[in-house]
Amino acid sequence: MEIIKTHYNRRSFLKVSAAAGGGMVIGFNWLMSCAPSQEKAGLAMPDEWFDINAFLKIGNNGVVTIFSPNPEIGQNVKTSMPMIVAEELDVDWGTVLVEQAPLNTVKYTRQLAGGSQSIRQGWKSLRIAGASARHMLMEAAAKQWQVPVSELSTDQGVIKHTSGKTIGYGEVAAQAVSVTVPEEVQLKDPKDFKIIGKPTKNVDGQKVIKGEPLFGLDIQREGMLIAMIVHAPAFGMRPKSVDDAAARSMPGIKDVFVINTLPDGVEPQWSDVNAFKELVVIVGDNTWNVMQAKKALNIEWETVSAPMDTNSYDKALSDLLEKKADTPARKDGNPEEAFKKAAKIIERTYSAPFLAHNTMEPMNFFAHVTADGAELIGPIQTPEFLRKTVASVIGLPEDKVSINMTRQGGGFGRRLYGHFGVEAAVISKRVNAPVKVVYTREDDMTQGTYRPAYKVKYQAAIDKNNNLIGLKIRGAGIHESPVFANRFPAGAVDNYVVENHALESNISTGAWRAPRSNFMAIAEQCFLDEVAEALGKDPIDFRLELLERAATNPVGQNNDYDPARYAGVLKLVKEKSGWGEKKNGVHRGVSAYFCHNSYVAQVLDIVMKNSKPVIQKVWCAVDCGIVVNPEGAKNQLEGGIVDGLGHTMYSEMTFTNGKPDQNNFHNYKLIRNSEAPLEIECFFVDNGIDPTGLGEPGLPPAGAALANALYAATGRRLTNQPFYKEEATISPM
Amino acid sequence: MATFKLKINKKTYSLEADPNMPLLWALRDLAGLTGTKYGCGIAQCGACTVHLNGAAVRSCSLPISAVGNSEVTTIEGLSKNGDHPVQKAWEEVDVMQCGYCQAGQIMSAAALLNQNPNPSDADIYNAMNGNICRCGTYLRIREAIKLAAQMK
């Protein structure tokens with residue numbers, strides 16, 4: 001058992017109060033009617049709720065409501081974060097209801113979905129919230145029974161005294177409210193966990209299968225208008241003039257105007273990435289009417305910065321790969337010397353295109369701005385930063401802006417950049433009505449904030465004794481180089497250099513599920529495969545050799561991984577997949593990557609049918625420490641693998657004269673059901689280490705495992721994504 | 001604008017709409033049935049799938065004026081208590097991640113099992129390839145369809 005400081009030295013901090021955070025109390029009529037309806041099969045609702053702390057309240061009948069602080073974008077934190085609270089509170093999961101907490105920076109920290117960090121960074125505070133509530137309930141029982149609290153224990157929502165008498169949480173909840181918040185609490189020994197580690201179904205599962213309104217796009221409100229935006233058709237353009245005569249006369253249309261969502265004087269947050277700050281807005285009574293009138297707008301656009309073509313930036317990135325950087329991002333040993341004396345040099349360049357996020361739920365947001373305040377509801381990964389910008393742009397203090405988060409139809413990084421929320425607020429203020437901004441798929445796909453286009457060149461020096469003695473890695477990308485200087489195989493190669501180049505562009509880019517890793521894992525793991533082959537070594541054994549070197553005699557400083565954990569997942573996947581066994585007609589590829597604090601290794605089997613690969617099975621070994629919800633964890637990994645395979649194979653955004661060439665799913669291909677692997681099996685390293693996230697780490701290795709398997713099948717190294725262009729479409733059957 | 005009498009989930013709705021308005025937007029904006037989702041508007045993603053006389057159709061590309069007397073079934077009307085075999089299987093397998101596409105997936109799967117109670121893998125692919133799941137839950141979707149087929 002672990003004793004931990006709660007950091008709750010002021011009662012007010014953890015206590016719930018309507019004024020906490022200075023947030024306005026606004027009628028959440030949509031949210032009340034739709035989102036947190038408290039139904040659970042066979043669970044009787046209490047007559048009264050008692051607020052124990054910011055994370056939970058307990059009903060007089062022992063039913064518990066746990067507030068999930070972070071945005072839910074499909075990564076399943078709305079289930080897994082409350083599981084952690086419930087574990088330390090020591091209740092039966094069947095008595096727990098879960099509600100999405102609104103933005104409240106006083107009660108909660110880091111209400112953000114990004115970097116696979118919700119579980120890792122929430123782990124302690126969620127445990128403390130549950131443990132301190134449990135302690136307060138025990139204190140209340142001790143007082144009632146006039147016994148020392150040390151004589152009490154708990155079990156599944158019941159407090160027990162050594163004498164044998166018991167009392168339910170619900171029966172002492174009223175008294176527990178006034179107990180002083182403890183300054184330190186005991187946390188459970190992980191071996192005593194009853195909820196953590198148990199496969200647990202999604203808390204919104206029933207609502208989703210019944211089609212209940214959970215998503216931002218489902219918001220309805222009395223008097224609400226629908227607004228759509230028109231952004232410039234090409235990056236580097238803005239509206240010059242608008243002829244709206246025809247549109248205004250169409251049915252249901254209320255107004256047409258131009259807005260600027262980031263006017264001079266507003267200091268942008270990091271989350272305000274947006275290539276189209278000036279927009280034409282059209283407002284009307286329903287979505288279809290506004291869509292139709294939008295087509296009748298006659299807008300003249302003007303060019304403000306030079307448009308880019310795929311051909312031009314592709315060449316510019318290639319040119320950068322031939323250019324020595326002024327200062328290397330990392331240099332160990334003497335790479336120049338190593339390459340001079342090399343008996344053999346292997347060189348390979350990898351590239352990947354811009355990608356759109358394409359969340360299935362397009363961008364949207366609800367806002368109602370009045371003179372007194374602003375109410376915003378919708379799908380956002382960064383509510384805290386959205387509030388700052390909204391407050392600044394519409395001229396209200398932050399405590400007059402409330403933000404509620406809906407369930408989100410995908411995130412993948414796209415909803416880190418909340419311009420659509422700002423747009424809703426600006427439009428609502430302008431039309432003086434509640435407004436829902438709705439993007440069409442075309443608006444969404446052509447808006448930008450893409451995964452940047454990247455290139456990287458790898459060079460390996462091999463000496464006459466068949467040792468890898470040097471590695472040069474030079475990366476280039478739009479707005480950023482993809483290369484992480486201190487990641488594996490840094491630390492495992494004596495002579496090592498990384499150089500980074502970035503190319504400026506008016507095409508906006510942002511974080512896309514496993515940023516940079518989503519490209520680097522493929523390049524790096526394909527290249528290591530090629531080097532292993534040149535050295536005549538088994539690809540897993542070769543990686544393990546490098547990791548052994550990094551563990552026992554690391555090269556350089558700041559190596560950004562734990563070689564033992566990295567090797568652990570490779571060994572696990574090797575064992576589970578029966579690596580080394582030859583199976584007729586089956587071609588295998590391996591890949592491993594560490595990002596977002598979790599380690600993942602994958603082995604992928606294909607068979608070729610009519611010269612096309614069928615993915616038979618993926619074995620996926622993972623070290624994310626303690627697995628909070630094994631069912632959710634597996635789902636994330638399966639999805640990450642399918643997502644990684646799909647984008648590596650099929651997806652790309654290209655540009656002609658600054659204009660995106662793709663705008664909907666007829667010309668932007670996403671992986672389909674029949675193309676996903678026939679089977680995926682996941683294995684977790686059981687080490688009791690504090691948990692890390694899984695929203696991203698499953699994705700990066702997958703594309704390389706496939707490329708390496710394809711090499712085994714065809715003898716061709718795939719280097720330029722999307723691979724379908726190199727004739728590698730996945731066969732349905 | 002015209003008035004359309006639509007039979008949706010065994011109820012009659014009288015809706016005032018532009019005859020070209022797709023059924024999707026009539027359901028969502030006029031009838032208040034938001035379980036049917038917008039994903040692409042061009043019948044490429046399947047998020048808007050509903051049943052027309054029991055067969056799967058993409059409601060984003062079906063004008064309200066073309067519905068006529070057909071029985072429209074949406075996710076809200078697939079069963080009374082969310083206990084259609086496909087819904088039960090979806091919950092049992094814990095298919096969803098973000099959940100946004102799942103109403104369309106469930107409607108496509110239910111229509112498939114209506115016509116073909118014991119679909120082969122190829123039948124499942126053919127019926128489900130029109131439904132995109134951006135989270136990549138395809139393996140669980142297949143598993144849930146097979147489980148639902150056993151339940152029937």
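Since every read-out is calculated from the coordinates, none of them should be taken as a lab result. Since the structure is predicted, the reported quantities are computational estimates derived from the model, not experimental observations. Glycine also receives a Cβ, built like all others from the backbone with ideal geometry; neighbour counts cover every protein chain displayed.
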**Message:** Starting from 0.36 nm per residue, how many nanometres of slack lie between residue A:49 and residue A:264 once their C-alpha separation is accounted for?
**Reply:** 72.7 nm
**Fill in**
Footprinting proxy, A:264, A:463: sorted fewest to most Cβ within 10 Å, the residues are A:264, A:463
**Request:** With label points built 7 Å along Cα→Cβ from the Cα atoms of residue A:4 and residue B:92, find their separation and express it in nm.
**Result:** 3.8
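Could you list A:78, A:617 in order of exposure, starting from the residue whose Cβ has the fewest other Cβ atoms within 10 Å?
Values: A:78 25, A:617 16.
With the sparsest Cβ surroundings first, the list reads A:617, A:78.
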**Two-decimal Rg/Rh across the protein assembly as shown, once Rg and the Kirkwood Rh are taken from alpha-carbon atoms** = 0.97
**Fill in**
The Kirkwood hydrodynamic radius of the range A:301-427, taken as the inverse of the mean 1/r over all distinct Cα pairs, in Å, comes to 19.3
**Message:** Only bridges whose two residues both fall in the range B:2-77 count here: according to DSSP, what percent of them are antiparallel, nearest 5?
**Reply:** 90
**Request:** With r as the distance between the Cβ atoms of residue A:686 and residue A:534 and R0 = 45 Å, compute the FRET efficiency 1/(1 + (r/R0)^6) and round to 0.05.
**Result:** 0.80
**Fill in**
dims of the range A:530-614, Cα set, principal axes, largest to smallest, nearest Å -> 49, 29, 21
**Message:** If you average the C-alpha positions of the range A:487-566 and of the range A:262-294 separately, how far apart do those two centres end up, in angstrom?
**Reply:** 40
**Fill in**
One would report the Cα pair-distance distribution of the range B:85-151, bin width 5 Å, in %, as 3, 20, 36, 27, 11, 2
**Request:** Rank by packing, highest mean first: peptides A:536-548, B:21-33, with packing defined as the count of other Cβ atoms within 10 Å averaged across residues.
**Result:** B:21-33, A:536-548
**Item:** Stretchable slack from residue A:502 to residue A:166, in nm (0.36 nm times residue separation minus alpha-carbon distance)
**Value:** 114.4 nm
**Fill in**
Stretched fully, the stretch from residue A:299 through residue A:153 gains (0.36 nm per residue minus C-alpha distance, one decimal, in nm) 45.5 nm
**Asked** Kirkwood Rh, Cα Rg: Rg to Rh for the range A:177-279?
**Response** 1.21
**Item:** Neighbour-count order for A:406, A:6, fewest beta carbons within 10 angstrom listed first
**Value:** A:6, A:406
**Fill in**
A correct Karplus calculation of ³J(HN,Hα) over the range B:50-62, with 6.51 cos²θ - 1.76 cosθ + 1.60, θ = phi - 60°, whole Hz and x for Gly and Pro, returns 10, 9, 10, 6, x, 9, 6, 9, 8, 6, 6, 10, 10
**Request:** Please work out the Cα center distance from the range A:616-668 to the range B:85-152, rounded to the nearest Å.
**Result:** 20
**Request:** Please give, to one decimal in nm, the separation of the simple spin-label points placed at residue A:194 and residue B:146, each 7 Å out from Cα toward the Cβ.
**Result:** 3.5
**Asked** How are the C-alpha pair distances of the range A:145-200 spread across 5 Å bins, as whole percents from the shortest bin up?
**Response** 4, 13, 20, 26, 21, 12, 4, 1
**Message:** For a quick check: with amide H placed at 1.01 Å from N, whose amide H comes under 5 Å from residue A:499's, ignoring anything fewer than 5 positions away on the same chain?
**Reply:** A:329, A:473, A:474, A:475
**Message:** In whole Hz and in residue order, list the ³J(HN,Hα) couplings for the range A:48-54 that follow from phi through the Karplus curve 6.51 cos²θ - 1.76 cosθ + 1.60, θ = phi - 60°; x for Gly and Pro.
**Reply:** 8, 10, 10, 6, 8, 7, 5
**Prompt:** So who's got an amide H within less than 5 Å of the one on residue B:71, skipping anything under 5 residues away but keeping other chains? H placed 1.01 Å off N, in plane.
**Reply:** B:53
**Request:** State, to one decimal in nm, how far the label point of residue B:55 lies from the label point of residue A:725, with both points 7 Å from Cα in the Cβ direction.
**Result:** 4.0
**Asked** Mind listing the phi-derived Karplus ³J(HN,Hα) values for the range A:259-266, rounded to whole Hz, using 6.51, -1.76 and 1.60 with θ = phi - 60°, and x for any glycine or proline?
**Response** 10, 10, 8, 9, x, 3, x, 8
**Request:** Would you kindly compute the Cα radius of gyration of the range A:203-251 and its largest Cα-Cα separation (Dmax), both in Å?
**Result:** 18.2, 49
